[in-house]
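A short write-up of the structure that comes next.
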Amino acid sequence: MANTAHVHAADAVGETRRDFLQYTTIAMAGVGGVMMVWPLINSLNPAADTLALSTTDVNISGIGEGQRITVVWRGKPVFIAHRTAAEIDAANKVNVSELRDPQPDSARVKKGKEAFLIVEGSCTHFGCIPQGMKTTEPRGEFGGWFCPCHGSVYDTSGRIRKGPAPENLHIPPYAFTSDTTVRIG
Amino acid sequence: MSTEKSVWRKAYEWHEARLPIVTWLDHSLGTKYPVPRNLNYWWNFGSLAMFMLAVMIFSGIVLAMHYTPHATMAFDSVERIMRDVNNGWMIRYMHMNGASFFFIVVYIHILRGMYYGSYKAPREVLWWIGLLIYLAMMATAFLGYVLPWGQMSFWGATVITNFFSAIPGVGDSIVTLLWGGFGVDNPTLNRFFSLHYLLPFVIIGLVFLHIWALHVPGANNPLGIDAAPSDKIPFFPYYVMKDVFGLAVFVVFYFVVVFWFPNSMGEAVNYVTANPLQTPEHIVPEWYYLPFYAILRSIPNKLLGIILMFGSILILFALPWLDTSRVRSGNFRPVFRVFFAIWIVDVLILGYVGMKPAEGIIPTIGMIGTFWYFLHFAVILPVLGWLETPKPLPASISQAVLKPAE
């Protein structure tokens, strides 16, 4: 009983040493719990062998002007478009400030290789593959790509122009390793 | 001899004294569980849902013994179940259509609760747990749909996991974490299989809580008034018999579909192996997601579409407070009945919109339908509680029956 009385007296003035010990114990258990759980969650992230599949070399000498080809990078499609002068013109004529994801065409290609547009073939909405790689497929009203899932329309620079997608088609990291080859990844 | 207890009786009493499981069951779903005497057949669907959960778990356990969760082997292992495994076709069709019938039963169960005001005080927590079961069912059904690794499996998984990319800032990292790679691939299939096997047992736990929460206030009834003890009858044998009869009728419908129309609710393109380099012409989710998919598609903004889609279900958690009327049963609310019917038609229209390609008039109808869906919960129900004059409630369940006609 004396003990109880002591605790009550202490409660009246504020926190007790016991409260402090309880808080620190709970805090340490919390930290320990997170440290236990994080490796389990992180194990769900891409494994080392998955990450190792991350470059693709492509010979672009065979892609004629106006042609578009699909290559596989990290198990997903990448679009390589050898654009015509008219297509590049159309991409440059756009008033950049009016775009949903404002980016000039020059920021989406490599200098000196403006004819080649290289973008990831996944719609930035929910990841469907946009159509327009073949001339027989719908390319949307801006001559680029059209996503059949939810109706996003991309222009000849792969920029979002209409529909629900929030961003331009993503540009994968790539470099021209020679005049005719490009390394993606 | 006759005065002496039999050895079985003694063994039973010995065991009950240590673990009173039979007594517990008798109180849960037996002679010691009093239920209002006036329940109609809409009250059968809770036990039917439990039956479907059991069917899904048992058929699923057997399917898992023949299924291979690997990107290069999953599709073929499902085809092997269909062609080579003894009775495999039947077990798979039971599981595949069982998902649809589980949802049919649960949707009727939810609508019954909404019409008769079963979510109102003191049954709010019971309603919440029911909604959690529904959310867990949707997740389980989605994960399971991915497992056959057909075209719809793959692209459904791609679209739905990409929902999370709408989260500002961390969205892309979350999606990579879900995939375990740069796209939906073998690691994704493995973890989906693991979670698809786990979640039904989570649902069992939630069902246990659901029934527990049901027993605290007891069952609602078609009149929506509190039932006096004299207006209650024991669950066993009365409602057990009624549930068994309902089950027999339900099973006829279920097996007519399993045996004669097993693919009527599926998509033919899911019998084509998953191809990460080609999206099918027209992506449609399973029918039970269609109204929510329509809400998502109607909003021409990625993040807002996601928020409204999840919001359309989350708003149901607030239903006990959005509905300001104190009268539970729709039978006594003439105006509510009309709006409830309109809301059901609205959801059916949204379902139709979700099924059709988003072109022409369809997105506009979707927007109007979405607007009405939220208007119903956020404006109509709260206001209706104040404006509507309900019909007079009977003093008791027996009075409603015995009172001479006026």
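The table for this structure:
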item	result
Test: residue in the stretch B:272-286 that is under 20 Å from B:M52 (Cβ atoms) and more than 14 Å from chain A (Cβ to nearest Cβ)	yes
Of the criteria (1) surrounded by 18 or more Cβ atoms within 10 Å (Cβ to Cβ); (2) touching a helix residue (DSSP H, G or I) at 6+ places or on another chain (Cβ under 6 Å), which one B:M355 fails	(1)
Count of residues meeting criterion [closer than 23 Å to A:H150 by Cβ, within 21 Å of the chain's Cα centre (by Cα) and of a type in the set (D, E, K, R)] in the stretch A:98-139	4
Given (1) away from chain A (no Cβ under 14 Å); (2) more than 24 Å from B:W128 (Cβ to Cβ); (3) buried (at least 19 other Cβ atoms within 10 Å of the Cβ); (4) not aromatic (F, W, Y), number of the condition B:R333 does not satisfy	(2)
Selection within the stretch A:112-124 - farther than 12 Å from B:T279 by Cβ, crowded, with 22+ Cβ neighbours inside 10 Å and within 14 Å of chain B (Cβ to nearest Cβ)	A:T124
Every residue from the stretch B:136-170 that is more than 10 Å from chain A (Cβ to nearest Cβ), among the small types (G, A, S) and over 28 Å from B:M56 (Cα atoms)	B:G169
Test for B:H196: is it out of contact with any strand residue (DSSP E or B) (no Cβ under 6 Å at 6 or more places or on another chain) and open to solvent by 40 Å² or more (accessible area, probe 1.4 Å)	no
Where B:V244 falls short, out of the listed (1) without any contact (Cβ under 8 Å) to a residue 40 or more places away in the chain; (2) in the same structural domain as B:E359 (by TED's automatic domain parsing)	(2)
Subset tally (residues that are at pLDDT below 90 and either among the hydroxyl-bearing types (S, T, Y) or in contact with a Cys (Cβ under 9 Å, 6 or more places away or on another chain) (or both)) for the stretch A:13-42	1
Selection within the stretch A:140-153 - open to solvent by 50 Å² or more (accessible area, probe 1.4 Å) and away from every other protein chain (no Cβ under 14 Å)	A:F142
Flag for B:L177 being crowded, with 18+ Cβ neighbours inside 10 Å, out of contact with any His (no Cβ under 9 Å at 6 or more places or on another chain) and in the same structural domain as B:E79 (by TED's automatic domain parsing)	no
Meets criteria (outside any helix (DSSP H, G or I), hydroxyl-bearing (S, T, Y) and in contact (Cβ under 8 Å) with a residue 24 or more places away in the chain) for B:T31	yes
Test: residue in the stretch B:61-70 that is over 23 Å from B:L178 (Cα atoms) and either touching a residue at least 40 places away in the same chain (Cβ under 8 Å) or assigned by TED's automatic domain parsing to the domain that holds B:A318 (or both)	no
Restricting the stretch A:154-164 to residues that are closer than 22 Å to A:K93 by Cα and within 12 Å of chain B (Cβ to nearest Cβ), the residue that is modelled with the highest pLDDT	A:I160
Residue in the stretch B:340-348 that is within 12 Å of chain A (Cβ to nearest Cβ), under 20 Å from B:L375 (Cβ atoms) and surrounded by fewer than 17 Cβ atoms within 10 Å (Cβ to Cβ) present	no
Positions within the stretch B:379-406 being within 27 Å of the chain's Cα centre (by Cα) and open to solvent by 60 Å² or more (accessible area, probe 1.4 Å), in sequence order	B:V379
B:L223 among the aliphatic types (A, V, I, L, M) and buried (at least 20 other Cβ atoms within 10 Å of the Cβ)	yes
The stretch B:215-235, residues that are touching a Lys or Arg at 6+ places or on another chain (Cβ under 9 Å), under 10 Å from B:Y33 (Cβ atoms) and assigned to a helix (DSSP H, G or I)	B:F235
Condition met for B:P187 (more than 13 Å from chain A (Cβ to nearest Cβ) and either open to solvent by 10 Å² or more (accessible area, probe 1.4 Å) or within 20 Å of B:M50 (Cβ to Cβ) (or both))	no
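Results for (1) open to solvent by 20 Å² or more (accessible area, probe 1.4 Å); (2) of a type in the set (D, E); (3) part of a helix (DSSP H, G or I); (4) over 20 Å from B:G311 (Cα atoms), shown as yes or no for each residue.
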position	(1), (2), (3), (4)
B:M50	yes, no, yes, yes
B:T68	yes, no, no, yes
B:D76	yes, yes, yes, yes
B:M94	yes, no, yes, yes
B:S100	no, no, yes, yes
B:G113	no, no, yes, no
B:A157	no, no, yes, yes
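The values are calculated or read from the model by the stated rules, or taken from the named source; none is laboratory data. What you see is a predicted model; the values in this text were computed from it and never measured. In this analysis, Cβ positions are derived from the backbone assuming ideal geometry, glycine residues included, and neighbour counts consider all displayed protein chains. Side chains are part of the model used for accessible areas, which takes the heavy atoms of the whole protein and leaves out ligands, DNA and RNA. Shrake-Rupley method; radii C 1.70, N 1.55, O 1.52, S 1.80 Å.
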